[in-house]
Amino acid sequence: MRGDSTLAGTVVGAAPPGMTVAPMELTVTGKWLQWSTVNPPRVTVTDAAAVQDPGYSGPSTTGRMTLDKDGPLNVVVAFIKTPAGSLVSTALPDCIQTGQRRIFETKSDDDVRGPYELESVVAYTASVGGAGLGYTPDS
């Protein structure tokens, strides 16, 4: 897998039932930046909850998030416990403004049915101003 930006996706559920996904290796082809050295914006998540199984898609979560600086940016990944194990449910709410309290909903295309339990939410920005490649929208 190759890309210039963030890597987010569902690995659990990609293997046939009863099998596991083999280890995955990620190769960085550009300059590697240590997250702790780039002073990234902080994303605060509140009111996060797993959504009941709608019967036609994989697990999802809802909640609210706030970005402390450098908006607009894209963020959020959730980890959900299911009867088949933990999986990733993602969203990329676009253009979160600094200080804005924004509703989000993550989605998963897995065919795992509930019940679901929210394991954790990891909210991070897809880019950091002044660190590597970035996108600056027209004003």
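Taking I80, is it touching a Lys or Arg at 6+ places or on another chain (Cβ under 9 Å) and either at pLDDT 85 or above or in a strand (DSSP E or B) (or both)? Let's see the steps before the verdict.
Values: touching a Lys or Arg at 6+ places or on another chain (Cβ under 9 Å): no; either at pLDDT 85 or above or in a strand (DSSP E or B) (or both): yes.
Against the criterion (touching a Lys or Arg at 6+ places or on another chain (Cβ under 9 Å) and either at pLDDT 85 or above or in a strand (DSSP E or B) (or both)), I80 does not qualify.
Can you tell which of P54, P59 is under 20 Å from K107 (Cα atoms), in a loop (DSSP other than H, G, I, E, B) and modelled with pLDDT of 80 or more? Working first, answer last.
Working: P54 fails: modelled with pLDDT of 80 or more.
Just a single option satisfies the conditions, and that option is P59.
Pick from the range 43-67 the residues that are more than 17 Å from E117 (Cα to Cα) and either surrounded by 13 or more Cβ atoms within 10 Å (Cβ to Cβ) or free of Cβ contacts under 8 Å to residues at least 24 places away in the same chain (or both): which of them is farthest from the chain's Cα centre (by Cα)? Spell out the reasoning first.
Kept after step one, since they are more than 17 Å from E117 (Cα to Cα), are these residues of the range 43-67: 43-44, 56, 64-67.
Subsequent filtering for residues that are either surrounded by 13 or more Cβ atoms within 10 Å (Cβ to Cβ) or free of Cβ contacts under 8 Å to residues at least 24 places away in the same chain (or both) retains 43, 56, 64-67.
Details: V43: 12, Y56: 21, R64: 14, M65: 12, T66: 15, L67: 15 Å.
Per the stated criteria, the residue is Y56.
Out of all the residues in the range 100-119, which are touching a strand residue (DSSP E or B) at 6+ places or on another chain (Cβ under 7 Å) and of a type in the set (K, R)?
R101, R102, K107
Under the condition of being buried (at least 18 other Cβ atoms within 10 Å of the Cβ) and of a type in the set (G, A, S), which residue from the range 72-120 is nearest to V45 (Cα to Cα)?
Taking the candidates together, the pick is A78.
Select from the range 16-45 the residues that are among the β-branched types (V, I, T) and at pLDDT 75 or above and write down the one among them that is nearest to R64 (Cα to Cα). Steps first, please.
Of the range 16-45, the ones among the β-branched types (V, I, T) are 20-21, 27-29, 37-38, 43-45.
Next, only the ones that are at pLDDT 75 or above stay: 27, 29, 37-38, 43-45.
Details: T27: 33, T29: 34, T37: 27, V38: 25, V43: 10, T44: 8, V45: 6 Å.
It comes out as V45.
The values are calculated or read from the model by the stated rules, or taken from the named source; none is laboratory data. Since the model is a prediction, treat every value here as computed from it, not as a measurement. All Cβ positions, glycine included, derive from the backbone under ideal geometry; neighbour counts span all protein chains shown.
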